[in-house]
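Computed from the coordinates by the stated procedures, all read-outs in this text should not be read as laboratory data. These numbers come from a predicted model, not from an experiment. As a convention, Cβ positions derive from the backbone with ideal geometry for all residues, glycine included, and neighbour counts pool all protein chains shown.
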Amino acid sequence: MIADLSSVSVETTPSGLKRLAIGNQAATATLYLQGAHLTTYRPRNQPDLLWVSDAEDYQPGKAIRGGIPICWPWFGAHPELAGAPSHGLARTAEWDHEIVREAAMQTDIRLSFATDGSEPGFPYRARVELDVSVGSSLRLRMTTYNEDDSTLPLSEALHSYFPVRNMDELTVTGLAGHEYHDKLSGERARWPRVFRVDQEIDRVLIDQGGVIRLKQTEGPNIEIERQGSRSLVVWNPWIEKSRTLSNFNDTDYQNMICLESANVLDDARTLAPGSSHCLATQISPFTEPSHA
Ligand code: TA6
């Protein structure tokens with residue numbers, strides 16, 4: 001019998017959430033069907049490249065604090081509907097899934113979620129498919145199909161939480177010099193050449209589609225590539241905001257940063273009837289070249 005080269009097993013947590021435990025020769029990952037929500041991704045011989053608060057209790061109907069929450073079909077607060085869920089409908093909805101490919105070095109899974117126009121805040125028929133590929137890189141392709149007769153407004157993000165071992169050692173490249181919208185001040189500015197996380201950061205780069213690299217001496221170095229996205233959200237709640245967040249320890253701000261592949265603000269999209277848009281991201285480990 002050929003050894004198990006790749007496996008996907010369906011598990012149910014004590015709280016009743018269904019999740020897929022994915023394993024192959026290149027990596028392992030954990031994917032919850034509620035919200036199509038990845039919570040772990042570990043390339044072979046690497047630490048987890050995703051971060052989840054250990055205050056998370058994985059309850060049905062509640063977004064998981066960490067991993068890669070799917071913000072769709074709106075990002076942040078709903079533009080008109082007070083009381084609508086923050087970051088849209090998808091991250092607490094039950095998605096369908098099919099295992100597309102189980103190979104030795106790669107496992108591909110397609111998840112899907114559809115709206116019928118009755119959902120509060122989103123009166124449109126639409127479908128969103130998330131193609132997850134677990135291998136030496138983690139690839140996500142989120143494709144929205146407008147199945148309605150009306151033009152569909154779309155803002156979205158793959159709200160990725162990354163681990164930081166020591167915030168003082170963290171550098172993030174690919175940001176400097178780019179214009180960003182500061183959600184805290186409401187102003188626009190240029191990203192500084194020297195950037196340290198030493199306060200609450202909630203910023204949206206508004207026209208940057210290039211490679212982002214998270215570098216740290218003790219924790220994993222992570223490379224983020226994007227397609228179909230020219231906006232990137234950078235978020236750390238820091239001290240005060242951390243105290244207000246659900247399923248988040250007061251000191252968790254010291255060990256995480258969100259770098260979110262997005263279509264938000266100037267990069268939000270409108271889909272004509274019958275059209276589609278794909279937002280894709282690749283998350284990969286990388287090693288700094290050792291200086292000879
Ligand atoms: O992406 C940053 C952000 O929009 C912050 O403003 C903060 O609200 C964060 O998302 C977390 O939102 P959540 O609804 O998951 O608590």
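The spacing between the range 40-60 and the range 83-102, judged by their C-alpha centroids, is 18 Å.
Residue by residue, the range 190-201 carries 3J(HN,Hα) couplings of 9, 4, x, 5, 9, 10, 10, 8, 9, 6, 5, 10 Hz when phi is fed to the Karplus relation 6.51 cos²θ - 1.76 cosθ + 1.60 (θ = phi - 60°); x denotes Gly or Pro. With a Förster radius of 41 Å applied to the beta-carbon distance between Glu240 and Ser15, the computed FRET efficiency rounds to 0.90.
Net charge near Asn146: determine it from the other residues with C-beta under 15 Å of the C-beta of Asn146, scoring Lys and Arg +1 and Asp and Glu -1.
Working: positive: Arg125, Arg127, Arg269; negative: Asp116, Glu119, Glu129, Glu147, Asp148, Asp149, Glu156.
In short, -4.
Ranking of Leu38, Leu245 by neighbouring Cβ atoms within 10 Å, starting from the fewest: Leu245, Leu38.
Summary value for the range 1-136: 21 percent relative contact order, contacts being C-alpha pairs under 8 angstrom separated by 6+ residues. Counting only lysines at least 8 places from Lys183 when in the same chain, those with an alpha carbon closer than 27 Å to its own are Lys62, Lys215, Lys241.
Determine, for each peptide in 220-228, 144-152, the mean count of other beta carbons within 10 angstrom over its residues, then list the peptides with the highest first.
Most protected by this proxy first, the peptides run 220-228, 144-152.
Please find the FRET efficiency linking Met105 to Phe286, where r is the Cβ-Cβ separation and R0 is fixed at 25 Å, and quote it to the nearest 0.05. Could you put the intermediate results ahead of the total?
Details: r = 18 Å, r/R0 = 0.71.
In this case the efficiency is close to 0.90.
The Rg/Rh ratio of the chain, with Rg taken over Cα atoms and Rh as the Kirkwood radius over Cα pairs, comes to 0.95.
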